[in-house]
Ligand code: FES
């Protein structure tokens, strides 16, 4: 009954564009987000659509949070630089993913997203709402 209106009415509209389709999603103040190397951003579409926001060498990068291999937590991976390419190393099986392109030395491809900083705020282009806090669980009845 109220489930369909929950997502539309809860919280403030803190992103540009609508909630359907791809648009720039406001994440937060760049000065604050730059304090951590990686933050997990929860997707309104659920666990498999969560996104990592990395801050490495003065630049933000966004990619799917679960490794394309077997779902490892990329936010917990080490960051390495090889031949000028910044990579996150998956903590589960050590696959590497280019932070900029999502390409791996293996044949795997991790989905990456555009990031922009505007007026001191970080935005990620994504198909769902993204939040630094988990979205409330939807009621089943
Ligand atoms: S789950 Fe990431 S390398 Fe296997």
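Tabulated data for the structure shown
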quantity	calculated
Residues being surrounded by 15 or more Cβ atoms within 10 Å (Cβ to Cβ) and not in a strand (DSSP E or B) - total across the range 38-51	3
Any hit, the range 123-135, residues being under 25 Å from residue 30 (Cβ atoms), part of a loop (DSSP other than H, G, I, E, B) and free of Cβ contacts under 8 Å to residues at least 40 places away in the same chain	no
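Residues checked against (1) in contact with a strand residue (DSSP E or B) (Cβ under 7 Å, 6 or more places away or on another chain); (2) in a strand (DSSP E or B); (3) within 16 Å of the ligand (Cβ to nearest atom); (4) under 27 Å from residue 24 (Cα atoms):
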| site | (1), (2), (3), (4) |
| --- | --- |
| 53 | yes, yes, no, yes |
| 60 | yes, yes, no, yes |
| 63 | yes, yes, yes, yes |
| 68 | yes, no, yes, yes |
| 71 | no, no, yes, yes |
| 75 | yes, no, yes, yes |
| 81 | no, yes, no, no |
| 88 | yes, yes, yes, yes |
| 92 | no, no, yes, no |
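None of the figures in this text is laboratory data; all of them are computed from the coordinates on show. This one's a predicted model, so the numbers in the text were calculated from it and none came from an experiment. Please note: Cβ atoms are built from the backbone with ideal geometry, for glycine as well, and neighbour counts cover all protein chains shown.
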